[in-house]
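First comes the structure, then the notes that go with it.
The values are calculated or read from the model by the stated rules, or taken from the named source; none is laboratory data. Computed from a predicted model, the values in this text were never measured in an experiment. So basically every Cβ, Gly included, is an ideal-geometry build from the backbone, and we count neighbours across all protein chains shown.
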């Protein structure tokens with residue numbers, strides 16, 4: 001369809017430590033470039049601006065063992081342009097990704113996320129807690145903020161239990177996501193409604209084949 005090209009470069013390293021634990025680190029670089037006219041000869045209808053490009057880079061550092069996994073994660077989308085990816089394709093590969101939010105359609109972003117997870121293998125239970133801060137462009141900066149999303153802070157609690165025996169493959173998940181507004185919204189609720197200052201509760205039943 002001649003929309004855009006995305007190139008990803010990522011390096012991962014893991015250093016074993018005592019007591020079956022390990023330190024790990026990763027670095028990532030993503031670049032996007034428009035192809036031909038980016039989807040439509042009419043600039044008002046094109047998906048990716050002709051001649052446009054975007055750049056994002058990130059890093060993570062963490063420690064884990066058989067039960068615990070803790071990490072600090074950072075991602076930067078430069079002000080060169082908006083990072084674009086059709087949402088039907090799924091989640092973006094950023095280290096700072098958190099369920100129930102996306103940074104697609106944004107440029108000039110600073111994101112930092114801390115995560116800690118705990119597993120109890122004997123009863124097939126795991127819990128993950130993540131907290132992040134996302135510094136975004138002004139909601140009226142349409143060139144770099146496609147959906148008018150203000151800067152925000154987010155906290156997620158993710159609990160999962162996997163069944164065994166004849167119910168093996170069945171998993172129950174409880175996800176609670178809370179978001180608070182951290183940027184200017186000019187007293188306009190359209191920049192807040194279903195975007196920030198909210199708590200979302202999810203109960204999901206998944207079956208893994």
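Tell me whether region 60-69 contains one or more residues that are under 21 Å from residue 140 (Cα atoms), assigned to a loop (DSSP other than H, G, I, E, B) and either at pLDDT 95 or above or over 15 Å from the mean Cα position of the chain (by Cα) (or both).
No, region 60-69 has no match at all.
Residue-wise test of (1) in contact with a strand residue (DSSP E or B) (Cβ under 7 Å, 6 or more places away or on another chain); (2) free of Cβ contacts under 8 Å to residues at least 24 places away in the same chain.
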position: 20; (1), (2): no, no
position: 26; (1), (2): yes, no
position: 29; (1), (2): yes, no
position: 33; (1), (2): yes, no
position: 36; (1), (2): no, no
position: 41; (1), (2): no, yes
position: 44; (1), (2): no, yes
position: 47; (1), (2): no, no
position: 52; (1), (2): yes, no
Query raised in the report: Applying the selection to region 181-209, what residues are exposed (fewer than 14 other Cβ atoms within 10 Å of the Cβ) and part of a strand (DSSP E or B)?
Result: 199, 201, 202, 203, 204, 205, 206, 207
Requested in this report: Scan region 62-112 residue by residue and report those that are without any contact (Cβ under 8 Å) to a residue 24 or more places away in the chain and within 13 Å of residue 132 (Cα to Cα).
Outcome: 97, 102
Query raised in the report: Does residue 76 satisfy being within 30 Å of residue 200 (Cβ to Cβ), at pLDDT below 95 and within 14 Å of the chain's Cα centre (by Cα)?
Result: no
Query raised in the report: Condition test on residue 139, is it at pLDDT 95 or above and in contact with a helix residue (DSSP H, G or I) (Cβ under 7 Å, 6 or more places away or on another chain)?
Result: yes
Query raised in the report: What number of residues within region 87-109 are part of a loop (DSSP other than H, G, I, E, B) and on the phi < 0 side of the Ramachandran plot?
Result: 14
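Hey, among the residues in region 146-155 that are free of Cβ contacts under 8 Å to residues at least 60 places away in the same chain and closer than 20 Å to residue 76 by Cβ, which one's surrounded by the most Cβ atoms within 10 Å (Cβ to Cβ)?
Within region 146-155, the first condition is being free of Cβ contacts under 8 Å to residues at least 60 places away in the same chain, and the residues that meet it are 147-155.
Remaining after also requiring closer than 20 Å to residue 76 by Cβ: 147, 149-154.
Values: 147: 13, 149: 23, 150: 21, 151: 21, 152: 21, 153: 14, 154: 21.
Out of the qualifying residues, it is 149.
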